[in-house]
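Following: one structure in structure tokens, then a few remarks.
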Amino acid sequence: MRFNNTITLAFTGASGAPYGLRLLETLVAADYQVFLLISSAAKVVFATEQDLKLPAQPQACAEFFIERYNAKPDQIKVFGRDEWFSPVASGSAAPKKMVICPCSTGTLSAIATGKSDNLIERGADVVLKERGQLILVPREMPLSTIHLENMLKLSQVGATVMPAAPGFYHQPQRIEDLVDFVVARILDHLEIDQKLMPRWGYQK
């Protein structure tokens, strides 16, 4: 089955589960195939913030999200942290675009130092070395000097750091409006058409 394109999306253990879920939903709606990576800490966060208990097995987790978002068969593929033979782990097969949303500061640090100790870190390392597009969406405050230094280092090697810091000029009425603000900016950077939020100076 053919899709518009394939993208890697990772959920890690920072607060911000609604951002990641909404981004996955919009990518599926845009007919993108998604290679989904979920850390163990992310599963704890999703259970805490969204009362969402994700299946432990990758295939069961993929089926859960396919049903949740009415996705096509194989549109969402979930890979475990140690699936080193997955496409994500190789520069010859990995998608050229990857988003980590939400991105924990631990993940940020691991990527900045080239640790590559699990598939999320390796996937990000691959995208950087292949000169692809890596978007990191941290959700932390206040930011320590260590956090800022890691963000600077990643920005200097080509990653885009997009903190989950929604604006208010669109006069949000619901929490979902704030979530959509951040997700819309991510989609804009991915050059994926979105109607979640008008660009500055344009009317709805």
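Observations on the model:
- Of the residues making up region 39-68, just one is more than 16 Å from the chain's Cα centre (by Cα) and among the aromatic types (Phe, Trp, Tyr), namely Phe64.
- Selection from region 130-178 of residues that are of a type in the set (Ser, Thr, Tyr) and at pLDDT 95 or above: Ser144, Thr145, Ser155, Thr160
- Residues located in region 58-74, provided they are in a loop (DSSP other than H, G, I, E, B) and either under 18 Å from Phe46 (Cα atoms) or out of contact with any helix residue (DSSP H, G or I) (no Cβ under 6 Å at 6 or more places or on another chain) (or both): Tyr69, Asn70, Lys72, Pro73, Asp74
- Number of residues in region 71-88 that are small (Gly, Ala, Ser) and crowded, with 19+ Cβ neighbours inside 10 Å: the value is 2.
- Residue count, region 84-107 (criterion: in a helix (DSSP H, G or I) and without any contact (Cβ under 8 Å) to a residue 60 or more places away in the chain): 2
- Check on Ala47, surrounded by fewer than 20 Cβ atoms within 10 Å (Cβ to Cβ), hydrophobic (A, V, I, L, M, F, W, C) and either touching an Asp or Glu at 6+ places or on another chain (Cβ under 9 Å) or modelled with pLDDT under 95 (or both): no
- Residue satisfying all of: in region 29-52; out of contact with any helix residue (DSSP H, G or I) (no Cβ under 7 Å at 6 or more places or on another chain) and part of a loop (DSSP other than H, G, I, E, B); farthest from Ile175 (Cα to Cα) among these: Asp31
- The residues listed here are Glu140, Glu149; of these, the one that is among the acidic types (Asp, Glu) and touching a Ser or Thr at 6+ places or on another chain (Cβ under 7 Å) is Glu140.
Matching residues to (1) of a type in the set (Lys, Arg); (2) over 15 Å from Thr26 (Cβ atoms):
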site: Val99; (1), (2): no, no
site: Thr113; (1), (2): no, yes
site: Met141; (1), (2): no, yes
site: Thr145; (1), (2): no, yes
site: Pro172; (1), (2): no, yes
site: Ile175; (1), (2): no, yes
site: Arg185; (1), (2): yes, no
site: His189; (1), (2): no, no
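The values are calculated or read from the model by the stated rules, or taken from the named source; none is laboratory data. Treat the numbers as computed from the prediction; the structure is a model and nothing was measured. Please note: Cβ atoms are built from the backbone with ideal geometry, for glycine as well, and neighbour counts cover all protein chains shown.
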